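Below is one structure, written out as structure tokens; the observations come after it.
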Amino acid sequence: MVSTLSLHAADIAEIRSVIADRVDGSRAVGIVVGVIDEKGRQVAAAGKVSLDGTQQPDGDTVYEIGSVTKVFTSLILADMIEKGEVKPDDPVSKFLPPAVKVPSHNGRQITLLDLSMQVSGLPRLPNNMKPADPANPYADYNAAKLYDFLSSYTLTRDPGEKYEYSNLAVGLLGHALALKAGMSYEELLRRRIFEPLGMTSTSITLSEAQKKRFAPGYDEALTPVKNWDMDVLAGCGAVRSTVNDMLKFVAANLELTDTPLKAAMRRMRSVKKDTGTPDLQIAMAWHVFTKFDTEVWWHNGGTAGYRSFIGFIPAKKEGVVLFCNTFMDNDDMGRHILETRYPLTNFHNDVHLDTSVLDRYVGEYQMTPAFKIAVTRTGSRLFIQATGQPHLEIFAKSESEFFLKVVDAQITFSKDSLVLHQNGKDQTAKKVK
């Protein structure tokens, strides 16, 4: 391991200071950060693996990486395209059972590339996702339910027309590619990506050795939560990994190592579309920030008790991996490590409101037919829970303005609606209950 780095965007001492501050501020149980460039790689960590233990996390601690899984799913697609096994414009229906009726619009079918680039027209989650255990929401969503949803859903626009982030879309992509390959999604990952890159600690099903290194997850209040299990939608978020393994993946993307996936990784970066958010584009799974004359390629992830960030700058051959076993947003740190002109988040100080004020906002708000936000009160605390997402506390800045501490987002309430401010966008949800 190299002890010094040329990462001029941020040095390891600053990284250690920032992650220690977030752990010491009772915002996280443990955080591990890995950085890499042409001179080598280095890992910094703070906190503990679990609240009831003394072990410190390190580069071999295993975490749920959530939606970073989507990058692997799209890499499989890119590799299959490179090898002539599929085409980017193949309709996904080609790889599903004949009885499944995949929706289309104006004669335009949903293609494999549409699913990868988040422009399929499918919603974030299927509306028939009604988990038996809300704390493990994907566990019982199987192929039969997915097929029922696809066969009954009506697209509201042409596939390829507009970016809309969708766990459903990429989960469907992973399922279709596994059917094409004639094996499980996990086996497909192992053969196509993990074995060629030497990622021996990355999988969906944990080995006995991995279980001993697996960090338990905690919510934003540092309360233990369940791990997530995924069935048919595994391609959107089922992978568990370590910082050291993901640094191997970043090294391959930066071409610091020569791997059989180089052409597929280049293909993933060869197509881009605007997302509607300033300075942000979408490629094959990767999001791309173009600001300060720098292209940052990245993806993040989150399950009930974990947050992850992976990013790199191809032009500078610099990359970062950040894992945390607490549901708190650390994207700002990932961006800042790569480009210091991206600021670190200045967390707000919240104000106290009377429960009579909070009660005005309790209810259910509908953003789309498939996406709702439930607002509840427990004592003097207000919480939100969006469809398929964890239960999160929100904090008051004023009588009508609230913010989240686990993600960079704000909410403004009015008499019969709320507005979610996130990623440069304002989205309105009407109160229905």
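The values are calculated or read from the model by the stated rules, or taken from the named source; none is laboratory data. All values derive from a computational prediction rather than experimental measurement. A quick note on method: Cβ atoms are made from the backbone with ideal geometry, for glycine too, and the neighbour counts reach across all protein chains shown. Surface accessibility is based on the protein's heavy atoms, side chains included, excluding ligands, DNA and RNA. Shrake-Rupley method; radii C 1.70, N 1.55, O 1.52, S 1.80 Å.
Take the Cα radius of gyration of region 271-311 and divide it by 2.2 N^0.38 Å, N being the number of residues; the result is 1.27.
When the P(r) is computed for the chain, the part past 43 Å accounts for 9% of the Cα-Cα pairs. Projecting the Cα positions of His175, Gln410, Leu155 onto the charge dipole of the chain (unit charges on Cβ atoms of Lys, Arg, Asp and Glu, taken about the Cα centre) puts Leu155 furthest along the positive direction. Comparing Ala251, Phe323, Gly305 along the charge dipole axis of region 251-408, the residue lying farthest to the positive side is Ala251, per the Cβ-charge model.
For region 155-160, 3J(HN,Hα) computed residue by residue from phi via the Karplus equation (6.51, -1.76, 1.60; θ = phi - 60°) reads 5, 9, 7, 5, x, x Hz, glycine and proline entered as x. Enumerate the residues in region 390-433 having an amide nitrogen under 13 Å from the point lying 7 Å beyond the Cα of Val357 toward its Cβ. Answer for this model: 395-403, 413. The string of couplings for region 223-236 from the Karplus curve (6.51, -1.76, 1.60, θ = phi - 60°) is 9, x, 10, 6, 6, 9, 10, 10, 9, 5, 9, 3, x, 9 Hz, one whole number per residue in order, with x for Gly and Pro. All other residues with a Cβ under 14 Å from the Cβ of Gly301 taken together, and with Lys, Arg as +1 and Asp, Glu as -1, what is their net charge? That works out to 0. Taking Cα pairs under 8 Å and at least six residues apart, what relative contact order does the chain come out at, in percent? Reported relative contact order: 18 percent.
Determine the share of region 256-342's accessible area contributed by carbon and sulfur atoms, expressed in whole percent, with a 1.4 angstrom probe. Walk me through the intermediate numbers first.
Values: 1340 of 2780 Å².
The nonpolar share, carbon plus sulfur, comes to 48 percent.
Expressed as a whole percent, the accessible surface of region 360-433 that belongs to carbon and sulfur atoms is 47, based on a 1.4 Å probe. Applying the criteria of a DSSP loop state and at most 12 other Cβ atoms within 10 Å to the trypsin sites (Lys or Arg not before Pro) of region 307-344 yields Arg341. Each Lys and Arg adds +1 at its Cβ and each Asp and Glu adds -1 at its Cβ; summed about the Cα centre, the chain shows a dipole of about 720 debye. Assuming charge only on the beta carbon of Lys and Arg (+1) and of Asp and Glu (-1), the dipole of region 290-433 about its Cα centre is about 280 debye to the nearest 20.
Could you tell me which of the pairs Lys83/Lys291; Lys226/Lys273; Lys226/Lys405; Lys145/Lys212 are separated by over 27 angstrom between their Cα atoms in the structure shown?
Numbers: Lys83/Lys291 34 Å; Lys226/Lys273 36 Å; Lys226/Lys405 21 Å; Lys145/Lys212 34 Å.
From Lys83/Lys291; Lys226/Lys273; Lys226/Lys405; Lys145/Lys212, over 27 Å: Lys83/Lys291; Lys226/Lys273; Lys145/Lys212.
Pairs exceeding 19 Å between alpha-carbon atoms, taken from Lys248/Lys317; Lys130/Lys431; Lys248/Lys316; Lys162/Lys316: Lys130/Lys431; Lys162/Lys316.
Per DSSP helix of 4 or more residues, -39500 (n - 2.57); summed, then divided by the residues of the chain. What does that give at 222 nm, rounded to the nearest 500? Kindly include the intermediate steps, with their values, before the conclusion.
Values: 11 runs with 98 residues, N = 433.
Using -39500 (n - 2.57) per qualifying helix, the result is -6500 deg cm²/dmol.
In region 32-140, which GluC sites (Glu not before Pro) are in a loop and have at most 14 other Cβ atoms within 10 Å, using DSSP for the loop call? Display every interim value, and only then the final one.
Working: sites: Glu38, Glu64, Glu82, Glu85; in loops: Glu38, Glu85.
Answer in residue order: Glu38, Glu85.
Arg108 sits among other residues whose Cβ lies under 13 Å from its own Cβ, and their net charge, with Lys and Arg +1 and Asp and Glu -1, is -2. Please list, by residue number, every one of the trypsin sites (Lys or Arg not before Pro) in region 240-294 that is coil in DSSP and has at most 16 other beta-carbon atoms within 10 Å. In loop regions of region 240-294 (DSSP not H, G, I, E or B), the sparsely surrounded trypsin sites (Lys or Arg not before Pro) are Arg269, Lys272.
Comparing His391, His352, His336 in a Gaussian network model of the chain, where Cα atoms under 10 Å apart are tied by springs, the biggest mean-square fluctuation is seen for His352. Only aspartates and glutamates eight or more places from Lys433 in sequence, or on another chain, were considered; those with a Cα closer than 18 Å are Asp359, Glu364, Asp416.
Could you work out the Rg to Rh ratio of region 16-119, with Rh taken as the Kirkwood radius (inverse of the mean 1/r over all Cα pairs)?
1.20
Comparing Met80, Met284, Met183 in a Gaussian network model of the chain (Cα springs below 10 Å), the most mobile by mean-square fluctuation is Met183.
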